[in-house]
Amino acid sequence: MKILIIGTGYVGTTTGLIFCELGHKVTGLDLDEQKIQALKAGKLHFYEPGLEPLLKKHIEAHNITFTKDTETAIKENDLIFICVGTPQGTDGSADLTFVKNVAKSIGQNLNQYKVIVTKSTVPVGTAELLTRVIKDNQTAPVPFDVVSNPEFLREGSALHDALHPDRIVIGTTSETARTIMRELYKDLHCPIIETHPKASEMIKYAANSFLALKISYINELARVCDKLSINVHDVSNGIGLDHRINPHFLKAGMGYGGSCFPKDVNALIHTAKQQGTPLLILEAVVKVNAEQPVYVIEKIKQALGGEVQNKTIAVLGLSFKANTDDTRESPSFILIDRLLEEQAIIKTHDPMVKSGASHQCMTIAETVAGADALVICTDWDEYKNLDWAGLKSLMNQPYIIDGRNMLDKEILEGVGFQYFGIANQ
Ligand code: UDX
């Protein structure tokens, strides 16, 4: 199948390369000249483990090409995936400007039957909206179908997730489009949910919101566990082994961040409000999540006797989670901004993110030198087994606040640190 991917960001590039792996020919279209030139040269403009070698492999095998030429790209392909961004608007809703512009171009250049698929996370009703926009811009009445086919990729493990999905969701009312989509994914072995586009669009928001809900639930529960001296990890294990609950997304920490959860939960809240049926549970999820970095700051204050003013805080980790250089909605920055407001002196480190900020240091040793407290904000593997005795000797005071519950309390206390986790007793 000849596939066009519109939008060569994180989702588009990963999706395109997965289709190459499944034996299809792919064109990546983007209006950003720099991105296109970089991709043509086999370079990604973001970090994702394993993706760059795959890009190089499929460029060399002529399975993927990149272009800025919208007209030719649309005319020459049969299956078009819309993978452009849907940023959060000022009122919390998803901004569909990019998606609508793409639909307009598709309408203007529709020369034969095509299936147009939304991969971007879009609000319920977008498939219908795109159908209207495409029709309004057609110069001749060429038939087409719009399909909703959301992605569920996690940054940092996108390749694995894309090749081993738990399920594939295909939302369409057209039998022709459904058959084409089944054929496209025939080599991936997982359940396929075939449904109405509106249900498909809702599934994506409902899945992300449910996962966010699990995280806020365990984070809020951790605060109670802290008071009662209960290890929240044991509670996560104890409830997670119940197969009706499952162990995933029950890790207490700094709160969720990233390009999806914060935006998608807000967009679903917005959709529900518009329908006059507010989602009170999700409103609480957002509130709890916003409080979680503040809870970590309380721990820092507890360690430092109540004040952070003029205290040097070493922050390890800037990305919103490990194995990505993505800092969007990262709890680290919420914590840093708050600490700066309270006139703390900040030093930061991240193995992948180069923020360019003056407080960023090259090495962990440089970051902790002279610090009154060290805070772990991102669960990078390389923070797990550091030379703790050596680092302690560089610090001004021996306090560690483990915002990710990833360190061994006994080892740290063994070398003389005072350890504060999130109900990590
Ligand atoms: C998420 C969804 O998992 C994915 O299906 C969707 O397509 C895009 O959004 P991603 O944003 O890459 O993926 O990250 P994910 O691994 O889901 O983590 C989201 C946030 O939750 C991170 O900040 C992470 O640190 C946090 N998290 C996750 C926890 O705090 N505790 C957990 O137990 C799990």
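The values are calculated or read from the model by the stated rules, or taken from the named source; none is laboratory data. Just so you know, these numbers come straight off a predicted model, no measurement behind them. No Cβ is skipped: glycine too gets one built from the backbone with ideal geometry, and neighbour counts run over all protein chains shown. Accessible surface areas use protein heavy atoms only, side chains included; no ligands, DNA or RNA. Shrake-Rupley method; radii C 1.70, N 1.55, O 1.52, S 1.80 Å.
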- Message: Restricting to the range 110-124, and then to whatever is of a type outside the set (K, R) and open to solvent by less than 20 Å² (accessible area, probe 1.4 Å), can you tell me which residue is nearest to the ligand (Cβ to nearest atom)?
- Response: T121
- Task: Filter the range 181-229 down to the residues that are β-branched (V, I, T) and crowded, with 21+ Cβ neighbours inside 10 Å, then identify the one that is farthest from Y256 (Cα to Cα).
- Result: I218
- Among all residue pairs at least 6 apart or on different chains, which show Cβ distances below 6 Å where the first residue, located in the range 16-27, is farther than 10 Å from T65 by Cα and the second is surrounded by fewer than 17 Cβ atoms within 10 Å (Cβ to Cβ)? L22/D187; H24/M1
- Test: K392 is within 16 Å of the ligand (Cβ to nearest atom), modelled with pLDDT of 95 or more and either open to solvent by 20 Å² or more (accessible area, probe 1.4 Å) or closer than 20 Å to E413 by Cβ (or both): no
- Task: Sort through T363, T378, T327, T348 and tell me the only one that's away from the ligand (no atom under 16 Å from the Cβ), of a type in the set (S, T, Y) and surrounded by 15 or more Cβ atoms within 10 Å (Cβ to Cβ).
- Result: T348
- Message: Can you list residue pairs whose Cβ atoms sit under 6 Å apart, with the first residue in the range 411-425 being touching a residue at least 12 places away in the same chain (Cβ under 8 Å) and the second being surrounded by fewer than 18 Cβ atoms within 10 Å (Cβ to Cβ) and of a type in the set (S, T, Y)? Count only pairs 6 or more apart in sequence or on different chains.
- Response: Q425/S229
- Task: Pick out the one residue from A423, A322 that is crowded, with 23+ Cβ neighbours inside 10 Å, within 16 Å of the ligand (Cβ to nearest atom), modelled with pLDDT of 95 or more and not in a helix (DSSP H, G or I).
- Result: A423
- Hey, V133 within 26 Å of the chain's Cα centre (by Cα), outside the structural domain of C260 (by TED's automatic domain parsing) and outside any loop (DSSP other than H, G, I, E, B) or not: no
- Task: Report, by residue number, each residue of the range 79-109 that is open to solvent by less than 10 Å² (accessible area, probe 1.4 Å) and in a helix (DSSP H, G or I).
- Result: V99, A103, I106, G107
